[in-house]
Amino acid sequence: MSISLKELAGMCDARIEGGNPDEQIHSAADITAAQKGQVTQLTNAKYARFFKHSKATACFISEDFKVDEIPESTALLVCADPEMSFIKAVEILHPDKIYRNRIASQAVIDSTATLGLELFIGPYAVIGENTVIGDFTAILSGVYIGNNVKIGRNSRIHPYAVIYDNTVIGNNVIIHSGAIIGADGFGYKFRKNAHIKVPQVGNVVIEDNVEIGANTCIDRGALGSTTIGLGSKIDNLVQIGHNNKVGKHVIMCGLTGVSGSCNIEDYAILAGSTGVADHVTIGQGAVVMARSGVAGNVEAGAQVFGSPAKNKKTAYKEQIAISKLPELITLIKNLEAKIRLIEQRNE
């Protein structure tokens, strides 16, 4: 898509400084690679060195961000929040594909399913008994949706995702390829030298505006529901065990694993490769830093790091101390040698 600089500025709440307002913009790019006809952003001083050599036609920048050298061919798009304005520009220049009003003949849809208006159902998608699909939702090729599933309006299920029976999915939900929603939780009892499976008869409930990454697995509850709260964003390759309660606007980054029956409260952040033991509460707004192992409750607003995870400052001090161990060992050996020498002299 191509649009004039003047039109783009108006749609993104930006003021043009320099350049030609009639110049055409056809795409967005990173500041290190943007070329003529592209728009970029500058929001961090460490990237300013790339800007002076930039060939971009336009660059979003904040009112108070000062640059010494502005390329002659680059117009500034001055605005209050350049990151959000740039996101808007990307959406305009690279519009998402709209899937509407097509049900492929190769799709397998049970006669008891209820289908909304303006749906897209791709080839080889399977929709089970008594399942309800809301208006404007897109079920892409190869998706499997089981029985008694409810999916709201304007959601999108990408190819080869699997939605098990009795799952409830809200409006504006995105589920990426390979995600498995509602598989059995990992529950066993050890009796007579064998692991006996505990029946998993609950479900998964996903609220509105949630996004779930590729190859992420969310297990259903053993008896009740595993729930994902409003607006939460879950990265690729995340494992969420049975009966977890994930609050609103939670972030879970890639390779995070959460054991069963945990409570992840609103606005918490679990950074990459976090591991959480079962029956743990992570408080509202808490941050668990990358590669941390959480064995106990984390207070609201806390920032924790390490394995076992503890207060970030304490963990950092321990890491610094550990890094000094080789020096301390050498020092101790030297002191021991001196003590032995003194003892020998005294003898």
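Quick note: the coordinates plus some simple rules give every number you see, no bench work behind them. This is a predicted model, so every value here is computed, not measured. Ideal geometry is used to build each Cβ from the backbone, glycine not excepted, and the neighbour counts take in all protein chains shown.
Overview of results
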| item | result |
| --- | --- |
| The range 217-287, Rg to Rh (Cα coordinates; Rh as Kirkwood inverse mean 1/r) | 0.91 |
| Table column - 3J(HN,Hα) (Hz), the range 270-282, Karplus curve with 6.51, -1.76, 1.60, x for Gly and Pro | 10, 6, x, 6, 6, x, 10, 6, 6, 6, 9, 10, 10 |
| Part-to-part distance (alpha-carbon centres) for the range 173-190 and the range 134-149, which is given in Å | 17 |
| Relative contact order (%) - criterion: Cα under 8 Å, at least six apart; region: the chain | 6 |
| About the Cα centre, charge dipole magnitude for the chain (Lys/Arg +1, Asp/Glu -1 at Cβ), debye | 1280 |
| Total charge dipole magnitude, the range 3-93, about the Cα centre, Cβ charges on Lys, Arg, Asp, Glu only, Debye to nearest 20 | 280 |
| Alpha-carbon Rg with Dmax, taken over the range 199-347, Å | 22.2, 82 |
| Antiparallel %, DSSP beta bridges [both residues in the chain], to 5 | 15 |
| The range 282-347: relative contact order as a whole-number percent, Cα under 8 Å and 6+ apart | 21 |
| Proximal lysines to Lys333, defined as alpha-carbon separation beneath 16 angstrom and excluding residues fewer than eight positions away on the same chain | Lys324 |
| Net charge over other residues, Cβ less than 13 angstrom from the Cβ of Lys333 (K, R count +1; D, E count -1) | 0 |
| Magnitude of the charge dipole, the range 67-136, Cβ model with Lys/Arg +1 and Asp/Glu -1, debye to 20 | 520 |
| Estimated Rh, the range 79-204: Kirkwood, alpha-carbon pairs, angstrom | 16.3 |
| Dipole of the range 3-93 [Lys/Arg +1, Asp/Glu -1 at C-beta], most positive-end residue of Ser62, Tyr47, Ala75 | Tyr47 |
| DSSP-defined antiparallel bridges as percent of all bridges, the range 3-93, nearest 5 | 35 |
| Rg ratio (alpha-carbon, reference 2.2 N^0.38 Å) - the range 3-93 | 0.92 |
| Mean ellipticity per residue at 222 nm, deg cm²/dmol - from DSSP H runs of n ≥ 4 across the chain, formula -39500 (n - 2.57) | -5000 deg cm²/dmol |
| Out-of-range pairs (alpha-carbon distance over 22 Å; input Lys6/Lys36; Lys150/Lys245; Lys36/Lys88; Lys46/Lys66; Lys6/Lys55) | none |
| Distance from the range 224-243 to the range 27-66 (C-alpha centre basis), Å | 36 |
| Sequence-separation-based contact order of the range 3-93, relative, with Cα cut under 8 Å and 6+ spacing, percent | 31 |
| Cα convex hull volume per residue for the range 102-313 (Å³) | 103 |
